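Taking it in order: structure first as structure tokens, then the write-up.
The values are calculated or read from the model by the stated rules, or taken from the named source; none is laboratory data. This is a predicted model, so every value here is computed, not measured. Heads up, the Cβs are rebuilt from the backbone with ideal geometry, glycines too, and the neighbour counts pull from every protein chain shown. The protein model used for the area step is the full one, side chains on, heavy atoms only, and it has no ligands, DNA or RNA in it. Shrake-Rupley method; radii C 1.70, N 1.55, O 1.52, S 1.80 Å.
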Amino acid sequence: LLQDADEAVRIAREIGYPVMIKASAGGGGKGMRIAWDDEETREGFRFSSQEAASSFGDDRLLIEKFIDNPRHIEIQVCTVLADKHGNALWLNERECSIQRRNQKVVEEAPSTFLDPETRRAMGEQAVALAKAVKYSSAGTVEFLVDSSKNFYFLEMNTRLQVEHPVTECITGLDLVQEMIRVAKGYPLRHKQADIPINGWAVECRVYAEDPYKSFGLPSIGKLSQYQEPLHVPSVRVDSGIQQGSDISIYYDPMISKLITYGSNRAEALKRMEEALDNYVIRGVAHNISLLREVIVHPRFVQGDISTKFLPEVYPEGFKGHKLTDLERRQLLATAASLYVAEQLRSQRFIGTPRIPIAKSKTSSWELSVHLGDGTYPVAVSKDGSSFSVEVDGMKLNVTSEWNLASPLLSVTIDGTQRTIQRISRNASGETSIQFLGTVYKLQILTKVAAELSKYMPEKAAEDTSSILRSPMPGTVVAVSVKPGDMVSEGQEICVIEAMKMQNSMIAAKTGKV
């Protein structure tokens, strides 16, 4: 255990950079910093000790060699289940390599990377550790695994992990029940040969975070609408959240654990994709767009992952789904059809009007749809319960039940089914639609309104280049400058604590405070 920053630097030099500074009582990525030189070691010691004290009431730290570009694999490869009679089992592995800020985001079981020999070796070492310390309960032994399948002990968690449901899915064991039996003193009912790998399970951690800021900065607010995708086959949602719940900066931002199971990995991932599309969360920012992009990314689908997956795949930060030309046309056609369906609904009367009403004979609409940096002419005509939409000179057929009161809309576009969510709309034609996991902002106007809108003055954007604005609510725990100081770009101005994590706020440019 480290006494001070000077000792941390001395030991880091002995071990050799890079090193990992971490809270001895820690977990969940809190109190952890990677250091590549002496300066980063001193800074890491400061931040890690503060986070450790805030999160665990214990500011003691340890330091170890940092293994660059590894996989994070654990046994529950290893869940360990041990009783008070000298018996212990390893329940296969979980792959937990998709992480941000050393916190897991996507987990799956089993791993695409391990062969039976490596799996057995990791499992046997996990069991040996549990027996050596006379451990009796469910626990998890975590490893880092390099590209040659060499594995290195990381830590043991003497508790049930957040991601334990994926292990339950592929083994058929109820880990909570087994823990209670062991605590009561009963021996384990299973032998190692009885532990199977049946099918594949994937878990996504749904957080109240903005994934467009450092892959997820905390978001707070009240859940104005919340609907879990329980109608999707083989889906499990573990959550204590409900509609109306307050998401506070003082607690873990996790909304739920979303688990899908399939007979193979492709089926489990397809069900996860469907579940994410059908998950309704309103009132706070959330990371569903990032989760969906991860599970459909070619590298992830191929199993080519490591703990560096996110920064490698998104070196400029996460920007949401990038639409192909076909997907852009599908979104434009869907948005235009939704607009027309709403116009038609507004013309209908419930019951018999007291005075005669002239029915609208309009059957075609010329619209202008703004999306991103482009504005597109879109022609819509009604064909029974469907709409024929012309975009970019191409005609698309859009069909739906058009239940505009539902937060979810199942739309079929030229035979391709999409589940969309309309997040918001206003009287000026602006609307936000969640499509393929990402929320897109559009403006839909009639051709005449679009021509007139160019005469409307535009509101000038606020100049924030000289302002340091916290990206999330939190507590200022340190101020590193005073009025009158000259600061350079990248220099620390203050430290904000949110969700028990320390965040260094830096100057965006050189200037005077």
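Residue by residue, here is whether (1) surrounded by fewer than 18 Cβ atoms within 10 Å (Cβ to Cβ); (2) over 30 Å from Ala336 (Cβ atoms) holds:
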residue: Ser432; (1), (2): yes, no
residue: Ala450; (1), (2): no, no
residue: Arg469; (1), (2): yes, yes
residue: Pro473; (1), (2): yes, yes
residue: Lys482; (1), (2): yes, yes
residue: Lys500; (1), (2): no, yes
Query raised in the report: For segment 234-287, which strands (runs of 3 or more DSSP E) that fit wholly inside it have 3 or more residues that are of a type in the set (Ser, Thr, Tyr) and outside the structural domain of Val439 (by the TED database)?
Result: 254-262
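Quick check on this structure: which one of Arg46, Arg71, Arg42 is open to solvent by 10 Å² or more (accessible area, probe 1.4 Å) and touching an Asp or Glu at 6+ places or on another chain (Cβ under 8 Å)?
Checking each option against the conditions leaves just Arg71.
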Requested in this report: Among the numbered conditions (1) assigned to a loop (DSSP other than H, G, I, E, B); (2) open to solvent by less than 20 Å² (accessible area, probe 1.4 Å), tell me where Ser406 comes up short.
Outcome: (2)
Report summary line: Subset of segment 186-211, residues farther than 24 Å from Leu269 by Cβ and in a strand (DSSP E or B), comes to Asp210
Query raised in the report: Taking segment 35-58, which residues are outside any helix (DSSP H, G or I), modelled with pLDDT under 90 and in contact with a strand residue (DSSP E or B) (Cβ under 8 Å, 6 or more places away or on another chain)?
Result: Asp58
Report task. Say whether the condition of being within 28 Å of the chain's Cα centre (by Cα), outside any helix (DSSP H, G or I) and surrounded by 16 or more Cβ atoms within 10 Å (Cβ to Cβ) is met by at least one residue in segment 326-346. Result -> no
Query raised in the report: Looking at Ala275, Ala268, which is the one that is modelled with pLDDT of 95 or more, open to solvent by less than 20 Å² (accessible area, probe 1.4 Å) and under 15 Å from the mean Cα position of the chain (by Cα)?
Result: Ala275
Query raised in the report: Taking only pairs six or more apart or across chains, which ones have beta-carbon atoms under 6 Å, a first residue in segment 112-136 that is outside the structural domain of Glu93 (by the TED database) and over 10 Å from Ala88 (Cα atoms), and a second residue that is assigned to a helix (DSSP H, G or I) and modelled with pLDDT of 95 or more?
Result: none
Query raised in the report: Across segment 110-141, what is the number of residues that are surrounded by fewer than 21 Cβ atoms within 10 Å (Cβ to Cβ), under 27 Å from the mean Cα position of the chain (by Cα) and among the polar types (S, T, N, Q)?
Result: 1
Requested in this report: Look at Leu442 and say whether it is crowded, with 17+ Cβ neighbours inside 10 Å, out of contact with any Cys (no Cβ under 8 Å at 6 or more places or on another chain) and on the phi > 0 side of the Ramachandran plot.
Outcome: no
Report summary line: The one condition Trp200 fails out of (1) closer than 16 Å to Glu107 by Cβ; (2) open to solvent by 70 Å² or more (accessible area, probe 1.4 Å); (3) in contact with a Gly (Cβ under 6 Å, 6 or more places away or on another chain) is (2)
Query raised in the report: How do the pairs read when you match residues in segment 414-437 that are over 25 Å from Val284 (Cβ atoms) with residues anywhere that are modelled with pLDDT of 95 or more and in a strand (DSSP E or B), using Cβ under 6 Å and keeping only pairs 6 or more apart or on different chains?
Result: Asp414/Leu396; Asp414/Asn397; Gly429/Gln443; Gly429/Ile444; Gly429/Leu445
Query raised in the report: Being at positive phi, in contact with a helix residue (DSSP H, G or I) (Cβ under 6 Å, 6 or more places away or on another chain) and buried (at least 16 other Cβ atoms within 10 Å of the Cβ), is that true of even one residue in segment 170-191?
Result: no
Query raised in the report: Among the candidates Ser368, Ser385, which residue alone is hydroxyl-bearing (Ser, Thr, Tyr) and either touching an Asp or Glu at 6+ places or on another chain (Cβ under 6 Å) or modelled with pLDDT under 95 (or both)?
Result: Ser385
